[in-house]
Amino acid sequence: MTIIRNSSENLEATTGKACGHIDQLIHDNPYLWRGCEMAGQGSHGHPTGYPDLDAILPGRGWPNKGMVEIVSSSWGMGELQLLIPLMCSIVEQGKWILWISPPYLLYAPALVQAGINTEQVLVLDLDTSCKDALWSMEKALQTESCGLVLAWQNWLPGKVLRRLQLAAETGDTLGVLFQQHVSKYSPSPLCLEIRNSLPEGSQNRARSQHIEVGVLKARGNFRPLSTHVSLHR
Amino acid sequence: MEEPSKELKSIARIPLPSVHSGARGQVVKLPSVDSSNDSAPTAAGSDRKKLRCLWYALYFPQLAELDAAQQKKYLLELAALAQTVSSTISFHPLALIFEIRSSLRYFGGIDVIHSKLEKLISEQLNAWRLPGSFSYSVSPTISGSLLLARSGHNVLVYQKDKLRSALGRLPTEVLQLSKEESRRLDNMGVRCLRDIWRLPASGLRKRFGSDLINRLNKAIGKAPEPTRNYQPPPAFVTSYDLPYEIENLTRLLPLIDEFMAQLCDFLRRHDLSTSHLVVSLLHEKRSSTRINLGLRQPSRSQKHLMLLLETHFTNLAIPAPVTAIKIVVQKFDSFFSQSGELLSEGKPHPIHYSDNKLNQFMEQLQARLGEHHIKSINNIAVHCPEHASTQLDYTEQNTRAATQQAAQNPRPLWLLATPQKLAVRHGRLYRHQPITLLSGPERIETYWWSGTDVQRNYYVATESNGSRLWVYRERTEAQAWYLHGLFA
């Protein structure tokens, strides 16, 4: 499996076009087993909209269901920008996006700029208690008409995360949990960490924001990876 | 009225109810009931039924002064009163007409019925501060009764063949024709209905249309009269006294489940669904606990209602043990079923998830969290950044004009509820870490007319920890820097 991966990486570096063909060939061959699809049951994920990020995720994109944890040391480091393409496609499918107690006010003009229909966005107040927030998150994950559930909670015990994961699997929904701390034993299949990759003082690169996305844990990935993603294109 | 068979036998021997004729009424022989009736063929039975109908008309000229909606409301309430003597009631302008023959035997004659009704109705009319008088008449046809009642004479006509002569004396005003038509009739020398009957039908039809002829034919029973009957509004109230007090609400659930089953049965039978019901838990010496189950989409699914109730129960604190429960349906809705598609596989876009399931989910959320915790957001075309986005309760959607157009300049996904003041040290901006401006300024000046002048220069900036910020500098004297949003 390592061989295939290496070869495809090399190809990517040299010719982008040929890589697509080879991927297609590999994908069409049912007898070939690929390491990067190990836990994804062979299903490809939803493209993130950032090719660099796709490359390091199992299934080459966001999982179709289940929980994703995104860890960033402070809010607002670009974690929502990563999800914007996904949100757009979910809204296009006619599903709803539920924001559970976001730390700041969700600003409609930005959503409209991103092409997200605000009629399909629902927000739970910040002052809902943690218990209620988790309850509604579980219910939302179980509901098929919710395509994406975003929640901001820190320090959730593994038992709770396991329950949310199960709910997400039954409802075929993707749940994203934003955290400021790494929880070690989380049962989520995917856990990403966002780090700042802006070198001090480099003004020319600052215009297009770069962040470093690291995979803390991914079911099906065999080594920790990280990549630089350029946001605000 | 204990047993039907016994009753039938006894009826045959009962002397026919004597009817005192009114001013111009005729005493009639009621067709005697005998046991052979039951074995009679259906055709003959329906013939007899047609014969038997006797319509009692009540005419309320005093309602004419009220507006149409009020009239309708009053007539509905009067119909509810008339239900005590008849089951078939139809509405007409200013009048109620109901079938009375089937009730004659039970009440023991028209006099009893009339005195019973008169008391009820005049009481009701007095309660509305209207004159308590009304005219009434009885005849075998609906229109006939109506015309007789309109004439103001209280007439009782029991036989169809007598109807023509009774009606013939009435003036043409009772037909309530248009001004032009009544003038023409007057010019033709027609003063009462009898005069009309003397005219040739074909000529009449040519001059007045077939409507008039039809009406007169209906009145004397020559043409059928379809009517729409009054149906009392559905009501569902059930209550149950518990044999012992219950403190644990989960113990109540199976019991309420049973009543819900009754309710759903009731709804199914009436082809209705409900969108609002109230479950009251009664306590001793305390006021009862009311649980409002409001549904976004009318439902009659027992499972869904129970789920909602369960959700309510999880957050409910009762002041005392429950001694009784009561379920009242506040609002009935007609039932619309949604059929699934047979061939849904070939469809490329199964759009519109915003249906049943979402509504059920939202109801559940509202039941648990309360109405004001679920917001929908709206984009408003306003320059001032803090007013360009509103969060409304999910229930009061689309109250303000929302647009799907936004400014050209970058806007952050997150906005601070109140702008946070930034520190300036050694000529650099600080939040937690130093801030570098990236682009800008974008000048926003607005609300100069309202007193709270907004004059700001907006910049996109990054903090050295990587957060992308939306900051502004006030253009007023202080020239302070504020953080207003995060691009996240």
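Odds and ends about this structure:
- Note on segment A:61-98: among residues that are within 10 Å of chain B (Cβ to nearest Cβ) and at positive phi, the one that is surrounded by the fewest Cβ atoms within 10 Å (Cβ to Cβ) is A:G94.
- Residue within segment A:126-138 that is in contact (Cβ under 8 Å) with a residue 24 or more places away in the chain, in the same structural domain as A:E212 (by TED's automatic domain parsing), part of a loop (DSSP other than H, G, I, E, B) and in contact with a Pro (Cβ under 8 Å, 6 or more places away or on another chain) present: yes
- Residue in segment B:408-435 that is surrounded by the most Cβ atoms within 10 Å (Cβ to Cβ), counting only those that are touching a residue at least 12 places away in the same chain (Cβ under 8 Å) and facing chain A (nearest Cβ under 7 Å): B:L413
- Residues of segment A:147-190 that are in a strand (DSSP E or B) and modelled with pLDDT of 85 or more: A:G147, A:L148, A:V149, A:L150, A:A151, A:W152, A:L174, A:G175, A:V176, A:L177, A:F178, A:Q179.
- Scanning segment B:381-404 for residues that are assigned to a loop (DSSP other than H, G, I, E, B), among the basic types (K, R) and either at pLDDT below 80 or open to solvent by 50 Å² or more (accessible area, probe 1.4 Å) (or both) turns up at least one hit.
- Scanning segment A:99-111 for residues being at the interface with chain B (Cβ under 7 Å from one of its Cβ atoms) and open to solvent by 20 Å² or more (accessible area, probe 1.4 Å) gives a total of 2.
- For B:A461, the criteria (1) more than 9 Å from chain A (Cβ to nearest Cβ); (2) among the aliphatic types (A, V, I, L, M); (3) at positive phi hold in every case but one, which is (3).
- Whichever residue in segment B:470-488 is facing chain A (nearest Cβ under 10 Å) and of a type in the set (F, W, Y) and, among such residues, is surrounded by the most Cβ atoms within 10 Å (Cβ to Cβ): B:W470
- B:R368 touching a residue at least 40 places away in the same chain (Cβ under 8 Å) and within 9 Å of another protein chain (Cβ to nearest Cβ): yes
- Residue match in segment B:247-255 (condition: among the charged types (D, E, K, R), more than 28 Å from A:K131 (Cα to Cα) and open to solvent by 40 Å² or more (accessible area, probe 1.4 Å)): no
- B:E477, sole failed condition from (1) assigned to a loop (DSSP other than H, G, I, E, B); (2) within 55 Å of the chain's Cα centre (by Cα); (3) among the charged types (D, E, K, R): (2)
- Hits in segment B:216-238 - residues which are open to solvent by 80 Å² or more (accessible area, probe 1.4 Å) and modelled with pLDDT of 85 or more: B:V237
- The listed residue being more than 7 Å from chain B (Cβ to nearest Cβ), open to solvent by less than 60 Å² (accessible area, probe 1.4 Å) and over 24 Å from B:E371 (Cβ atoms), out of A:L192, A:L150, A:L166: A:L192
- Screening B:Q330 with (1) open to solvent by less than 30 Å² (accessible area, probe 1.4 Å); (2) in contact with a His (Cβ under 6 Å, 6 or more places away or on another chain) gives one miss only, at (1).
- Segment A:120-146, residues that are open to solvent by 10 Å² or more (accessible area, probe 1.4 Å), more than 7 Å from chain B (Cβ to nearest Cβ) and touching a strand residue (DSSP E or B) at 6+ places or on another chain (Cβ under 7 Å): A:Q120
- A:K65 satisfies every condition listed in (1) among the basic types (K, R); (2) over 27 Å from A:L156 (Cα atoms); (3) in contact (Cβ under 8 Å) with a residue 40 or more places away in the chain except (2).
- Among helices (runs of 4 or more DSSP H) entirely within segment B:105-197, having at least 2 residues that are within 21 Å of B:E225 (Cα to Cα) and among the polar types (S, T, N, Q) singles out B:142-150.
- Flag if A:K95 is assigned by TED's automatic domain parsing to the domain that holds A:P187, out of contact with any Cys (no Cβ under 8 Å at 6 or more places or on another chain) and basic (K, R): no
- Among the residues making up segment B:84-100, those that are over 18 Å from B:R150 (Cα atoms) and open to solvent by less than 70 Å² (accessible area, probe 1.4 Å) are B:V85, B:S86, B:T88, B:I100.
- Number of residues in segment A:195-220 that are more than 14 Å from chain B (Cβ to nearest Cβ) and either at pLDDT below 75 or not in a strand (DSSP E or B) (or both) equals 2.
- Close pairs from segment B:314-332: first farther than 19 Å from B:E245 by Cβ, partner open to solvent by 50 Å² or more (accessible area, probe 1.4 Å) and assigned to a loop (DSSP other than H, G, I, E, B), Cβ under 7 Å, at least 6 apart: B:F332/B:P234
The values are calculated or read from the model by the stated rules, or taken from the named source; none is laboratory data. Please read these numbers as outputs of a predicted model, since none were measured by experiment. Cβ atoms come from the backbone with ideal geometry, glycine included; neighbour counts cover every protein chain shown. Accessible surface areas use protein heavy atoms only, side chains included; no ligands, DNA or RNA. Shrake-Rupley method; radii C 1.70, N 1.55, O 1.52, S 1.80 Å.
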